[in-house]
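The values are calculated or read from the model by the stated rules, or taken from the named source; none is laboratory data. For clarity, every value in this text was computed on a predicted model and none was experimentally measured. Don't worry about glycine lacking a Cβ; one is built from the backbone with ideal geometry, like all the others, and counts go over all protein chains shown.
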Amino acid sequence: MSEITLVTMPKWGLSMEQGKVNCWLKQVGDAIKRGEEIVEVESEKIAGAVEAAADGIMRRQLAAAEDTLPVGGLLGVIAAADVPDAEIDAAVADALANFKPLTADDESSGASPEKIQVGNRSIRYLKRGEGGTPVILIHGFGGDLNNWLFNHEALANSRTVYAVDLPGHGESTKDVGSGALSELADALLCFMDAVGVDKANLVGHSMGAGVAMAAAVQAPARVESLTLICGAGLGAEINGDYIQGFVGAANRNAIKPQLMKLFGDASLVTRQLVEDIMKYKRIEGVDAALRTLSSALFADGRQQSVLRDQVAALGKPVLIIWGEADQIIPVAHARAYTGKAQVEVIAGKGHMVQMEAANEVNQLIKQFLS
Amino acid sequence: MASELTKDRLLQAYRTMRTIRDFEDRLHADFATGEIPGFVHLYAGEEASATGICMHLGKDDYIASTHRGHGHCIAKGVDVMGMMAEIWGKKTGTCRGKGGSMHIADLSLGMMGANGIVGGGGPLICGAALAMKLRKLDDVAICFFGDGASNQGTIFEALNLATVWNLPAIFVAENNGYAEATSSKYSVACDNIADRASAFGMPGVIVDGFDFFAVHEAAGEAIERARKGGGPTLLEVKLSRYYGHFEGDQQKYRAPNEVAHIKEAKDCLTTFAKRVTGAGQLTQAELSAIDAEVAALIEESVRRAKSDPKPAAADLMTDVYVSY
Amino acid sequence: MARKITYQQAINEALAQEMARDSSVIVMGEDNHGGEGSPGEQDAWGGVLGVTKGLYHKFPGRVIDTPISESGFIGAAIGAATNGLRPVAELMFVDFMGVCFDQIFNQAAKFRYMFGGKAETPVVIRTMYGAGFRAAAQHSQCLYSLFTHIPGLKVVMPATPYDAKGMLIQAIRDNDPVIFMEHKMLYTLEGEVPEESYTVPFGEANVVREGDDITVVTLGRMVHLADQAAQAMQKNGVHVEVIDLRTTSPLDEATVLESVERTGRLVVVDESNPRCSMASDIAGLVAQKAFGALKAPIEQVTAPHVPPPFSDALEDIYIPTVADIQGAIGRVMEFRR
């Protein structure tokens, strides 16, 4: 049976209970390579492709387009060409017979975000996994810890991984002070004090990468390594229209075209994603926080803090990952880093590369950290 | 209370009453020409009521008025030029030509509006008074209403609410004897509107509405009590209107010489003038000077109202919402 | 994951947060705390269904019980709004507006216009509406279209706990009179609601579900039934777009028209009686402004033209059902010229 691989409905993030099959990208009989996208699935929050976990032939498809399945529900079967049909049918029967959908209890026993007082701010974070030097995932401008929906659990299978909401974001206090990277980095370092993390591997996306770099500059001893994903702080250019458009958007019709710039595949911007961003933007203090940050960090469509050389001088291990189709910060910044770094550019993906090419990004980070 | 009435205050009282009278007389004359749109309800004859009461008020005190509201507006300090322009339907009017005679209001002066709905103001002044009480101000809110409105449920509800909440509210029933064409002798079940006060747990006071001094004194007591947290009062002011319910009303429901007789015997301006000149408080020359100034003011207000522009078509769509 | 609370708790939280933020916000209504003037417990009720429970002790003097005197206290709330307060008055059941409508539609709604733009009346009138409580003809109506008809009023009806909180905060901060309609059958509905304060703007419909085959425009409690119907239709391969109007005044015409231009098919679902209803209003709007896009006649799913009945046997067929909505969607989809 070992050569039979079941393809199941993935669980993308805490709130996902079920997903809808959008379309099969491979058909029964197609040869499949591990890591290839085989089926497109949509949760309330986001659409994405399920990647093959093994090489083989697409032998069965148990769900049709438009079907909605609970998380863990059987979508299809991949197996080598020489596995007999009877064996596959037996595996399918077994999987269907033994399938238990997640219950509310499973849900509540899983990790859930917590809040901790850090100075005069409350900071929300989600901790998963145990062991090793902790990893801290730091989202970008206007984001929150859910930006790591497809990464957090995968990275946490062998180590402690925190995802935080920066000040002004998610469910953390909305006061961002001056909005300078150094102030956000201070907040991050104080958060590390509060949760008892002395030293961490910082993984930052976009503005979060800038925060990670600033933290490394401010407290080099507390940073083991830096993973910078489509990061700010590596050069001066940034898409000022996006920043202004995001900050100024007052309704779904205004925000949607901005969010579409974040992905290589704009169809990934679902109704729910748009609604979630609008819900965030409506919270008291968010508009002021975003305006403060955008004028402190990205005034006139230029990044105000370029920490590239200061970070390079620290000599820390650095992994730089970029979506080649990034429309927010130019991919050229990936190669402009002046220090020693592993640079990975992922074709066809946009600024939210950690969501769009989650498996690949997860693999790169895992390899880098080990 | 009369001791409060310094010479300046007496001059002010006379000026206010004279302004109301001339304003209404002029409207009576001009309305007959057909140039003024809609219809107007004139306050002539009732001047002592609005004047005697509003002289106790500052601009933070609120009044709610009636469809017969010009007198209350003038007594509360609303600009006469703006009022005349409003009644002529001009853009320069107090309400930019959107309210007209029955809806003249100036909240910046505590004038909550004339009101086209009989009895509409009672609940509103309870709210204004509640706000004063919660904001710990010593302001008062006054509801003017007529004998017709005295039979409306809104007034009963407001009277009850004012006592339940112990509000700084005064209810002034201006009983001019007729609700439109129906006599209050028929429509009001009790002898006096003020008799109803006891049912709502508040003092009821009856005052001669032709006598400025009586109104001023009775209102002063009620207002002072309210300012000190003593709660509401129902003040019935018995008076008469000189003109019909609206302009054009032939008043066939009144005795043939009723109005002439009242004018002759009780007119508030005449009795006021006689009393203050007789007591040597004011001279006839001083009163005549005011008469001349008021006449000029009213003439000017009509001249401007006639020549001012009407609202533009685009004005139709504005001022519905603060934001929409 | 965001915290889940009920629709009722969301309303209470919005009131509490706004009262804490702004001392000019007061709450008044019948039994809004309850127990005033009696020897027992104050705050005994917190409104007839307990929505305002607990506010009385947090905000002394600012949660005011009223006599059963709707003209009086609704008018007082309006009057107070012209004099520096931001009152939130509770008209227990919308059916009771018959005894105070003058204060709402002749006074509050008209001040600004009649007074030439020189008045602001920031009052909120919260009121319970809708059938399903076996409460019969005088406690079960929807009546939002009556308010919607009046220029000068804003009329809003949140369908979810999230919208209830954000729209009530918006209503309280809004400088125009707002009729805030709460469906009594939604009070126990749970949903994710941020703990922080936020506002949901008026005049922006919520696209509850995206689809390209047919548009269902709905509001209030019917949003949930329409969404269930849409989910069921999806199994038949029909992709239904469900639009929750959220507010009927202002009305988000653009979202409705954009959707129908795309789908070419429209079902309007409205719990109220059919004549001069939001259903007929939306149908009229689309017929007028998107006629060219229509591939089939518009269907309306509403209560029949009868008062809400008492007996459960009758009320259950009075209120539109998921099956009714599915039937209408099916008919519109199958229409051929």
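Is one or more of the residues making up the range B:315-323 within 14 Å of another protein chain (Cβ to nearest Cβ), surrounded by 12 or more Cβ atoms within 10 Å (Cβ to Cβ), without any contact (Cβ under 8 Å) to a residue 60 or more places away in the chain and among the hydroxyl-bearing types (Ser, Thr, Tyr)? There is at least one residue in the range B:315-323 that is within 14 Å of another protein chain (Cβ to nearest Cβ), surrounded by 12 or more Cβ atoms within 10 Å (Cβ to Cβ), without any contact (Cβ under 8 Å) to a residue 60 or more places away in the chain and among the hydroxyl-bearing types (Ser, Thr, Tyr). For the range A:234-241, state whether one or more residues are of a type in the set (D, E, K, R), outside the structural domain of residue A:42 (by TED's automatic domain parsing), touching a residue at least 40 places away in the same chain (Cβ under 8 Å) and in contact with a Ser or Thr (Cβ under 9 Å, 6 or more places away or on another chain). No, that holds for no residue. Six or more apart or on different chains, Cβ atoms under 7 Å: show the pairs whose first residue is in the range C:51-76 and farther than 18 Å from residue C:93 by Cα and whose second is assigned to a loop (DSSP other than H, G, I, E, B) and of a type in the set (Val, Ile, Thr). From the range C:51-76, the pairs are C:63/C:52. Among the conditions (1) under 26 Å from the mean Cα position of the chain (by Cα); (2) at pLDDT below 85, the only one that residue A:113 does not satisfy is (2). Do we have residue B:96 as surrounded by 24 or more Cβ atoms within 10 Å (Cβ to Cβ) and closer than 28 Å to residue C:101 by Cα here? So residue B:96 does not fit the description; no. Of all residues in the range C:142-192, those satisfying the criterion of being closer than 20 Å to residue C:281 by Cα, at the interface with another protein chain (Cβ under 10 Å from one of its Cβ atoms) and without any contact (Cβ under 8 Å) to a residue 60 or more places away in the chain are C:151, C:152.
When the strands (runs of 3 or more DSSP E) confined to the range A:36-149 are screened for residues that are outside the structural domain of residue A:23 (by TED's automatic domain parsing), touching a Cys at 6+ places or on another chain (Cβ under 7 Å) and on the phi < 0 side of the Ramachandran plot, those reaching at least 1 such residues are found at A:114-118.
So, restricting to helices (runs of 4 or more DSSP H) that lie completely within the range B:98-206, which ones have at least 3 residues that are away from chain C (no Cβ under 14 Å)?
Counting at least 3 such residues, we get B:184-187.
Counting only residues that are over 23 Å from the mean Cα position of the chain (by Cα) and over 12 Å from residue A:122 (Cβ atoms), the range A:161-178 holds 2 of them.
Listed here are the residues, each with its yes/no results for (1) touching a helix residue (DSSP H, G or I) at 6+ places or on another chain (Cβ under 6 Å); (2) of a type in the set (Lys, Arg); (3) within 30 Å of residue C:330 (Cα to Cα).
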residue: C:164; (1), (2), (3): yes, no, no
residue: C:169; (1), (2), (3): yes, no, no
residue: C:187; (1), (2), (3): yes, no, no
residue: C:196; (1), (2), (3): no, no, no
residue: C:199; (1), (2), (3): yes, no, no
residue: C:206; (1), (2), (3): no, no, yes
residue: C:211; (1), (2), (3): no, no, yes
residue: C:217; (1), (2), (3): yes, no, yes
residue: C:221; (1), (2), (3): yes, yes, yes
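Just name the residue that is surrounded by the most Cβ atoms within 10 Å (Cβ to Cβ) out of those in the range B:105-133 that are of a type in the set (A, V, I, L, M, F, W, C) and in contact with a Leu (Cβ under 7 Å, 6 or more places away or on another chain). Here the residue is B:126.
Within the range B:282-291, the set of residues being surrounded by 16 or more Cβ atoms within 10 Å (Cβ to Cβ) and part of a loop (DSSP other than H, G, I, E, B) comprises just one member, B:282. Annotation note: Cβ proximity below 9 Å between a residue of the range C:1-24 that is part of a strand (DSSP E or B) and a residue that is crowded, with 16+ Cβ neighbours inside 10 Å and hydroxyl-bearing (Ser, Thr, Tyr) (sequence gap 6+ or interchain) occurs for C:6/C:187. Does residue C:255 qualify as being out of contact with any Leu (no Cβ under 8 Å at 6 or more places or on another chain), facing another protein chain (nearest Cβ under 9 Å) and either surrounded by 24 or more Cβ atoms within 10 Å (Cβ to Cβ) or closer than 23 Å to residue C:291 by Cβ (or both)? Yes.
Looking only at the range B:1-58, residues that are among the hydroxyl-bearing types (Ser, Thr, Tyr) and within 17 Å of the chain's Cα centre (by Cα) come to 6 in all.
This table checks each residue for (1) hydroxyl-bearing (Ser, Thr, Tyr); (2) under 21 Å from the mean Cα position of the chain (by Cα).
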site: C:205; (1), (2): no, yes
site: C:237; (1), (2): no, no
site: C:242; (1), (2): no, yes
site: C:252; (1), (2): no, yes
site: C:259; (1), (2): yes, no
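The condition of being in contact (Cβ under 8 Å) with a residue 60 or more places away in the chain and surrounded by fewer than 23 Cβ atoms within 10 Å (Cβ to Cβ) holds for residue B:231. In the range C:40-60, the condition of being facing another protein chain (nearest Cβ under 9 Å) and over 23 Å from the mean Cα position of the chain (by Cα) is met by no residue. State whether one or more residues within the range C:79-89 are more than 7 Å from chain B (Cβ to nearest Cβ), crowded, with 24+ Cβ neighbours inside 10 Å, assigned to a loop (DSSP other than H, G, I, E, B) and modelled with pLDDT of 95 or more. Checked against the condition, which is being more than 7 Å from chain B (Cβ to nearest Cβ), crowded, with 24+ Cβ neighbours inside 10 Å, assigned to a loop (DSSP other than H, G, I, E, B) and modelled with pLDDT of 95 or more, the range C:79-89 yields no hits at all. Total residues in the range B:243-281 satisfying the condition of being part of a loop (DSSP other than H, G, I, E, B) and over 29 Å from residue B:4 (Cβ atoms): the figure is 15.
Filtering the range C:62-78 to residues that are assigned to a loop (DSSP other than H, G, I, E, B) and within 7 Å of another protein chain (Cβ to nearest Cβ) leaves C:67, C:69.
Residue-wise test of (1) at pLDDT 95 or above; (2) touching a His at 6+ places or on another chain (Cβ under 7 Å); (3) in a helix (DSSP H, G or I).
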residue	(1), (2), (3)
A:300	no, no, yes
A:328	yes, yes, no
A:340	no, no, no
A:361	yes, no, yes
A:365	yes, no, yes
A:368	yes, no, yes
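Checked against the criterion of being exposed (fewer than 15 other Cβ atoms within 10 Å of the Cβ) and not acidic (Asp, Glu), the range A:58-67 contains one or more residues that satisfy it. The residue of the range A:263-285 that is modelled with the highest pLDDT, among those that are under 19 Å from residue A:12 (Cβ atoms) and charged (D, E, K, R), is A:279. Of all the listed residues (C:138, C:107), the sole one being in contact with a helix residue (DSSP H, G or I) (Cβ under 8 Å, 6 or more places away or on another chain) and closer than 21 Å to residue B:62 by Cβ is C:107.
Being more than 9 Å from chain C (Cβ to nearest Cβ) and either closer than 23 Å to residue C:101 by Cα or surrounded by fewer than 21 Cβ atoms within 10 Å (Cβ to Cβ) (or both) is a description that does not apply to residue B:75.
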